[in-house]
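Structure record follows, encoded as structure tokens.
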Amino acid sequence: MTGDIDVKQYPEHFFYGAIRLDLSSAKKANISRQNFTVVPRHWYIDAWFICKECNEEFCWSKEVQRFWFEEAGTYVWAHPSLCRDCWLKHQERKQLRKQYDSLIGKALESDSPAVLKQEMLGTINRIEELSTKSLPEQIMQNRRALTNQLNGRNPIQ
Ligand SMILES: [Zn+2]
């Protein structure tokens with residue numbers, strides 16, 4: 001294999017799905033810092049992908065690649081499917097969803113504090129803002145239930 005010598009021969013399957021690569025600015029990798037089993041990534045190459053969520057084109061830069069594969073310990077075959085904005089939204093949504101899952105049962109109890117119900121509504125609304133699809137039916141039902149509970153009684157008892 002000559003991929004470690006001539007960047008033009010670089011195996012493109014490391015950039016599977018890329019719509020464009022800028023070979024002219026490629027940077028040599030320090031493979032001793034990489035996490036690989038058989039084949040390391042010899043080159044970091046600016047590569048453009050289409051984000052799976054917003055369908056916009058984004059650049060996965062050689063600097064970010066170096067960080068992933070030499071600092072963060074990411075396995076060499078990885079590549080991104082989301083642009084940075086969508087990735088950040090995705091992370092926040094995941095975090096909020098965990099919060100929702102752990103607190104919704106408590107929040108729905110009829111005698112739980114109104115402030116917890118309100119916070120849960122805020123969490124649900126934020127998850128909705130961050131989502132490209134509509135919320136699962138179960139979450140919408142729970143939102144209606146919380147709203148009804150809050151409207152149906154004086155929160156200060
Ligand atoms: Zn995106």
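Please go through segment 72-103 and give me each residue that is hydrophobic (A, V, I, L, M, F, W, C), away from the ligand (no atom under 16 Å from the Cβ) and either in the same structural domain as F36 (by TED's automatic domain parsing) or within 30 Å of C51 (Cβ to Cβ) (or both), ordered by number.
A72, V76, W77, A78, L96
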Revision key, fill the gap. Result of the Cβ filter at 8 Å on segment 87-106, keeping first residues that are polar (S, T, N, Q) and at pLDDT 95 or above and partners that are in a helix (DSSP H, G or I) and surrounded by 15 or more Cβ atoms within 10 Å (Cβ to Cβ), at least 6 apart or interchain, is Q99/T123
Study note, to complete from the structure: Scanning segment 81-107 for residues that are crowded, with 17+ Cβ neighbours inside 10 Å and among the small types (G, A, S) gives A107
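Test of understanding: among R33, R41, which residue is loosely packed, with under 14 Cβ neighbours inside 10 Å and either on the phi < 0 side of the Ramachandran plot or of a type outside the set (K, R) (or both)?
R33
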Review point. For residues in segment 61-76 being surrounded by 14 or more Cβ atoms within 10 Å (Cβ to Cβ) and out of contact with any Lys or Arg (no Cβ under 8 Å at 6 or more places or on another chain), which is farthest from G152 (Cα to Cα)?
Key: S61
Practice item. Read through the list (1) more than 16 Å from the ligand (Cβ to nearest atom); (2) in a helix (DSSP H, G or I); (3) in contact with a Ser or Thr (Cβ under 8 Å, 6 or more places away or on another chain), then give the number of the only condition that R126 fails. Key: (3)
Review point. Is it true that some residue in segment 30-42 is among the hydroxyl-bearing types (S, T, Y) and modelled with pLDDT under 95?
Key: yes
Practice item. Determine which member of the set L82, L135 is part of a loop (DSSP other than H, G, I, E, B), under 30 Å from F36 (Cβ atoms) and within 20 Å of the chain's Cα centre (by Cα). Key: L82
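The values are calculated or read from the model by the stated rules, or taken from the named source; none is laboratory data. These numbers were taken from a predicted model, which means no experiment stands behind them. Cβ: placed from backbone, ideal geometry, glycine included. Neighbour counts: every protein chain shown.
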